[in-house]
Amino acid sequence: MPETTSAPSPLRVADLLTDLYVGGKAVPAADGGRFDVVDPATGSVITTVADGTVQDAIAAVDAAEQAAAEWAATPPRQRAEILRRAFELMTAQADDLARLITLENGKALADAHGEVAYAAEFFRWYSEEAVRATGEVVTAPSGTNKILVLQQPVGICVLVTPWNFPAAMATRKIGPALAAGCTMVLKPASDTPLTALAMARILQDAGVPAGVVNVLPARRSGAVVSAMLHDPRVRKLSFTGSTEVGRILLREAADQVINCSMELGGNAPFLVFADADLDAAVDGAMVAKMRNAGEACTAANRFYVEASIADEFSRRLAERMKALRVGPGLDETNQVGPLVNDDTAAKVEELVRGAVDAGAKAVVGGRRPEREGFYYEPTVLLDVTPDSPILKEEIFGPVAPIVTFEDEAEAIRQANTTEYGLVSYVFTGDLARGLRVSEALDSGMVGLNRGLVSDPAAPFGGTKQSGVGREGGHHGMLDYLEAKYIAVQW
Ligand code: NAD
C-alpha cells in the first residue's frame, strides 16, 4: 500500500502550474491572455491562468496526434504501471490536492479529501483494467471463417469537465482513456482550472509521455471545444456538465460524427417509505443532499416521503441540517463551504423564493447569510407544490424540498416525472419492495438504502436527458475502445 499522507506542506499558489499544459510543457496562451481564478469563500482572486485560444487548441491536438501511435503501441502493462504510479502520487499528495480543490471550488475540506480519494481510485481501477481489454475469436455460423474482434484505442479524445468535482471528473475520463491507449486534450471548467493543471503535473511525474495528456484551460470554451470537434483527427468527446451544454456539443460533434459520452444533469428523487429505518434514511439523506453542499449531479433534489412518517423524517432532517457549520472550506471545523460562484448562489436563492412564494415553508435555512463569499444556508422546505421549479430543475445547493406520497405507485410516478434520469434513492425495510421500486425507476443508477452511488468500479451514468454512456467499471473503458472485426479465412 502506498503512504496515505505526505508530510503536511502548506499549499503555495506560486508553485502551481498556471499556464497551458501542451506537449509536456507549460506554455502561455497564443495571445498571452489570462483569466482570474476566484476563491469562493472570499470572492478574491487566487491567481490567473493562461486562457487557451483556438490556436492553442489545435496545437494541443497536434501534440496529442504526435504522441498517439507510440502510446497506443505501449504495452498495456507499462500503461498500467504508469496509472498505478499516478494513483500513488495522488494519494501521497492528498493533503495538498484537497486544499487546492477547496481553495478554488469552495467545498469543505472533508469533501475535498473525499474527492481526492475517489479521484485517485480511478487511476488505480484503470491500472488494473489496462491489461484486460480483451477481444474475441469465434467461428462464423457458416463455418467458413473465424470472426476475430480486436479492441483498439478510439483515438484522440477531447475531455470537457465541470467545476463541481474538478479532480474526479478528470480522472474518471483520463484513467480509462490512458488505459485504452488514447491520447487526449482536457478542457477543465474555468472556475477550477488549477486542480486539472495539478493533475497534469502528477501524470507527468508518473511517467505519462509528453503529448499524451494535454490540459487547456479556456474561458472561451465554446470556440475552443468547437474547433477541436471540427478537427478530423479528433475521434471522441467525453463531456460532463449541464444538459444544456451537452445538447450543444452533441450537435457540434455531429459534423464529424464523433463518438460521444455524455454525463449530464440530474434531478434525483429520494424516496422514503414508512417501513424504512428512519435513522438510516436521514443519514442517507444527509450524504445524498449535502456532499459538496449539494453541488453534485447525484444530489438528492426532491424528497418524496410517505405521508405517515413525513413529519418525523422532516423534523430529524431539519435538526441535522441546522447543526451543520457553514463557513470557509479551508477551516476544518466547517462542514459546508460556499457555493462555487455568485450565479450559483443566486440561482438557489431564486428557486427557494419561487417555492416559498407558491406556499412552501422553510423549516430551517431559506436564505443567503450576510457575509462575504457565496454561501447559502442548509435548508429544508415543506409543503412544496408539485409544479414548483425547485422540483424540476437542478438546485445545485444545500436545499431539501420535501413532498409527501400515499402509496408506492404514486411515489414511482412522481419520481419518474422528470426529463432527467441519472440516479434515484430508495429507503425501505422491505427488500422485495426495494428491488421492485428500483427496477421501476427510470434512472441509470439507484441507491437502495444508501445515499452514495459513486464508485470507480461501477458503471456511472444516466438515462433520458442525463446522458449517454457509462463511466467507471469495465464499462467505462469500452467508451475509449473501438471494436475492429477481422474476417479470417480458415
Ligand atoms: P457546464 O455545462 O456549464 O460546463 C461544463 C463544462 O463545459 C465546463 O468545462 C465549461 O467550461 C464547458 N462549456 C460550457 N459551455 C460550453 C460550450 N458552449 N461549448 C463547449 N464547452 C462548454 O456545467 P458546470 O456548471 O460546469 O457543471 C454543473 C453541471 O454538470 C450540472 O448540470 C451537473 O449535474 C453536471 N454534472 C454531471 C455529472 C454526471 O456525471 N452526470 C457530474 C458532475 C456534474
How many residues does the range 156-166 contain that are touching a Phe, Trp or Tyr at 6+ places or on another chain (Cβ under 9 Å) and away from the ligand (no atom under 12 Å from the Cβ)?
-> 1
Residue check, P369 against (1) free of Cβ contacts under 8 Å to residues at least 40 places away in the same chain; (2) surrounded by fewer than 19 Cβ atoms within 10 Å (Cβ to Cβ); (3) not small (G, A, S), all met but one. Which one?
-> (1)
Sort through T404, T417 and tell me the only one that's more than 26 Å from V364 (Cα to Cα) and either at pLDDT 95 or above or not assigned by the TED database to the domain that holds R132 (or both).
-> T417
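Inside the range 394-490, counting only strands (runs of 3 or more DSSP E) that do not spill past its ends, which hold 1 or more residues that are surrounded by 22 or more Cβ atoms within 10 Å (Cβ to Cβ) and either β-branched (V, I, T) or within 16 Å of the ligand (Cβ to nearest atom) (or both)? Walk me through how you get there before you give the answer.
Numbers: elements: 399-405, 423-427, 445-448, 481-489.
Once the strands (runs of 3 or more DSSP E) in the range 394-490 are filtered for at least 1 residues that are surrounded by 22 or more Cβ atoms within 10 Å (Cβ to Cβ) and either β-branched (V, I, T) or within 16 Å of the ligand (Cβ to nearest atom) (or both), what remains is 399-405, 423-427, 445-448.
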Do you know which residues across the range 238-291 are part of a loop (DSSP other than H, G, I, E, B) and within 16 Å of the ligand (Cβ to nearest atom)?
-> G241, S242, D255, Q256, I258, L264, G265, G266, N267
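Take residues that are polar (S, T, N, Q) and tell me which of the strands (runs of 3 or more DSSP E) falling wholly in the range 20-114 contain 2 or more. Walk me through it before giving the result.
Numbers: elements: 20-22, 25-27, 34-38, 45-50.
The strands (runs of 3 or more DSSP E) meeting that bar are 45-50.
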By residue number, the members of the range 219-236 that are surrounded by fewer than 23 Cβ atoms within 10 Å (Cβ to Cβ) and within 11 Å of the ligand (Cβ to nearest atom) are R219, R220, S221, G222, A223, S226, A227, L229
State which residue pairs qualify: first residue at negative phi and inside the range 273-295, second residue in a helix (DSSP H, G or I) and within 16 Å of the ligand (Cβ to nearest atom) in any location, beta carbons under 7 Å apart, and separation of 6 or more residues or different chains.
-> R291/D111
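Results for (1) small (G, A, S); (2) under 30 Å from D39 (Cα atoms), shown as yes or no for each residue.
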{"position": "R124", "(1), (2)": "no, no"}
{"position": "E128", "(1), (2)": "no, no"}
{"position": "A133", "(1), (2)": "yes, no"}
{"position": "V138", "(1), (2)": "no, no"}
{"position": "T144", "(1), (2)": "no, no"}
{"position": "V154", "(1), (2)": "no, no"}
{"position": "A167", "(1), (2)": "yes, yes"}
{"position": "A180", "(1), (2)": "yes, no"}
{"position": "K187", "(1), (2)": "no, yes"}
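Would you please name the residue that is surrounded by the most Cβ atoms within 10 Å (Cβ to Cβ), looking only at residues in the range 372-390 that are over 11 Å from A345 (Cα atoms) and touching a Ser or Thr at 6+ places or on another chain (Cβ under 8 Å)? I'd like the intermediate steps shown before the answer.
First, pick out the residues of the range 372-390 that are over 11 Å from A345 (Cα atoms): 372, 378-390.
Still in the running and touching a Ser or Thr at 6+ places or on another chain (Cβ under 8 Å): 372, 380, 382.
Working: E372: 11, V380: 26, L382: 20.
Restricting to residues being over 11 Å from A345 (Cα atoms) and touching a Ser or Thr at 6+ places or on another chain (Cβ under 8 Å), the top hit is V380.
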Among the strands (runs of 3 or more DSSP E) contained in the range 143-214, which hold 2 or more residues that are on the phi > 0 side of the Ramachandran plot, buried (at least 24 other Cβ atoms within 10 Å of the Cβ) and in contact (Cβ under 8 Å) with a residue 40 or more places away in the chain?
-> none
Only one of these is more than 29 Å from D442 (Cα to Cα), in contact with a Phe, Trp or Tyr (Cβ under 6 Å, 6 or more places away or on another chain) and surrounded by 23 or more Cβ atoms within 10 Å (Cβ to Cβ): V340, V336. Name it.
-> V340
Mind checking which pairs have a first residue in the range 69-98 that is within 30 Å of A110 (Cα to Cα) and a second that is acidic (D, E), Cβ under 6 Å, 6 or more apart or different chains?
-> L89/D205; A92/E3
Determine if the range 136-150 includes at least one residue that is under 25 Å from K289 (Cβ atoms), in the same structural domain as A68 (by the TED database) and among the hydroxyl-bearing types (S, T, Y).
-> no
State the number of residues belonging to the range 58-87 that are more than 24 Å from S221 (Cα to Cα) and of a type in the set (V, I, T).
-> 2
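Might you check whether a residue that is under 30 Å from W490 (Cβ atoms) and part of a helix (DSSP H, G or I) occurs anywhere in the range 216-237? Walk me through how you get there before you give the answer.
Of the residues in the range 216-237, the ones under 30 Å from W490 (Cβ atoms) are none.
Looking for residues that are under 30 Å from W490 (Cβ atoms) and part of a helix (DSSP H, G or I), one finds none in the range 216-237, hence no.
The values are calculated or read from the model by the stated rules, or taken from the named source; none is laboratory data. All values derive from a computational prediction rather than experimental measurement. Positions of Cβ are generated from backbone atoms using ideal geometry, with glycine treated the same way; all protein chains shown enter the neighbour counts.
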